[in-house]
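Let me begin by presenting the structure, written as structure tokens, before commenting on it.
What follows is calculated from the coordinates using simple rules that are stated; it is not laboratory data. Everything numeric here is computed off the predicted structure, so don't read it as measured data. Cβ coordinates were reconstructed from backbone atoms using ideal geometry, including for glycine residues, and neighbour counts include every protein chain displayed.
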């Protein structure tokens with residue numbers, strides 16, 4: 001029988017866990033039930049009482065915590081020490097953790113300290129013939145591999161959006177507080193602040209309900225024989241700001257910056273979908289001026305509803321790859337969509353003013 005540990009840290013508010021953590025907890029509970037294993041929850045943060053209470057009804061046998069001002073901010077030395085202490089106290093053989101930026105940095109190192117093994121980008125885990133196996137994608141999301149390891153402890157970093165989040169009522173947690181002795185050397189790194197782009201400049205939004213993907217057609221000659229890159233930028237940014245959608249780009253579009261062609265100033269390789277292993281998990285996707293080439297569509301495998309806008313009715317999206325295809329000019333269509341979104345926003349504001357009055 002395995003001893004399973006669910007490891008998490010509190011979010012920026014310090015009162016709850018990240019969304020990805022509840023997804024990892026859901027998987028940990030499933031594995032524990034199917035393998036008849038015990039489950040321990042480990043929490044790290046400045047203050048973890050509220051977070052511990054939020055998972056008190058999960059049915060975990062133990063809740064271990066490491067808390068204090070030294071663990072308020074992400075820092076490799078202190079986070080790794082806290083995770084190591086929890087793993088040793090729980091005597092876990094399987095450790096599941098959400099693949100947040102904070103844990104992605106430390107988990108491989110913690111596995112080395114404990115003479116274990118770690119696998120990242122895990123998308124699921126199952127019990128097969130009494131043994132726990134993990135799945136992940138390889139070769140730019142084209143091949144799914146199933147992994148089984150003998151090494152213990154075995155650390156699994158679970159990608160977000162791969163499991164239904166655990167939902168339960170809060171309770172009163174009987175948490176065990178662990179003490180971690182930190183040297184001055186471990187605390188020499190300090191977090192002086194956080195720099196983030198302005199909301200209007202933020203184009204990658206992992207939790208957005210819609211992924212808007214722009215293709216190279218936005219920067220090609222239009223019906224009048226001219227390139228309208230500036231108009232394309234205004235239309236796309238206007239839609240992103242109004243809808244709060246996340247922005248994706250085809251490889252052909254993001255590569256144009258190195259080919260001396262017209263580009264969208266806000267588009268980078270970080271926005272690329274397909275051929276990079278990028279697999280967004282937004283509920284809906286809207287592709288514009290893309291041909292629906294196979295590598296692009298592979299990056300959409302976890303999107304439930306696919307729509308596309310293209311002037312060519314015979315483009316790749318029309319060949320069974322899109323649920324709905326709009327045969328239209330993307331410039332004209334998105335202009336009208338932005339107008340409708342603006343009108344809807346004004347109406348909501350007016351209703352809010354009336355309600356407040």
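Values for this structure:
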| quantity | calculated |
| --- | --- |
| Folded to 0 to 90 degrees: helix 19-34 orientation relative to the chain principal axis, Cα | 50 |
| Residues 311, 7, sorted so that the one with the fewest Cβ neighbours within 10 Å comes first | 311, 7 |
| Distance from the stretch 1-51 to the stretch 287-357 (C-alpha centre basis), Å | 37 |
| Percent RCO, i.e. relative contact order, over the stretch 3-177, from Cα pairs under 8 Å lying at least 6 residues apart | 30 |
| Listed residues 202, 167, 150, most fluctuating in the chain (Gaussian network, C-alpha, under 10 Å) | 150 |
| Rotationally averaged projected area of the stretch 210-356 (alpha carbon convex hull; nm²) | 9.7 |
| Three-way shape label, the chain, alpha-carbon gyration tensor, a/c 1.5 | prolate |
| Rounded to 10°, Cα long-axis angle of helix 101-113 versus longest principal axis of the chain | 40 |
| FRET efficiency estimate (nearest 0.05) - Cβ-Cβ, residue 179 to residue 113, R0 22 angstrom | 0.75 |
| Mean separation of Cα contacts under 8 Å (6+ apart) over length of the chain, as relative contact order % | 14 |
| Protection-proxy order for peptides 331-339, 84-92, each taking the mean of Cβ atoms within 10 Å per residue, highest first | 84-92, 331-339 |
| Whether the stretch 1-119 is rounded, prolate or oblate, judged on the alpha carbon gyration tensor where a/c under 1.5 counts as rounded | oblate |
| Between helix 76-90 and the chain: long-axis angle, C-alpha atoms, 0 to 90°, nearest 10 | 50 |
| FRET efficiency, 1/(1 + (r/R0)^6) with R0 25 Å, evaluated for residue 269 and residue 138 via beta carbons | 0.75 |
| Selected from 128, 315, 289 as most flexible by GNM, with the chain as the system and alpha-carbon contacts under 10 Å | 128 |
| Relative packing of peptides 38-45, 302-309, 11-18, 249-256 - highest average C-beta neighbours within 10 Å first | 38-45, 249-256, 302-309, 11-18 |
| Considering only the chain, percent of DSSP beta bridges that pair antiparallel, nearest 5 | 20 |
| Residue among 52, 151, 60 with the largest mean-square fluctuation in a Gaussian network model of the chain, springs linking Cα atoms under 10 Å | 151 |
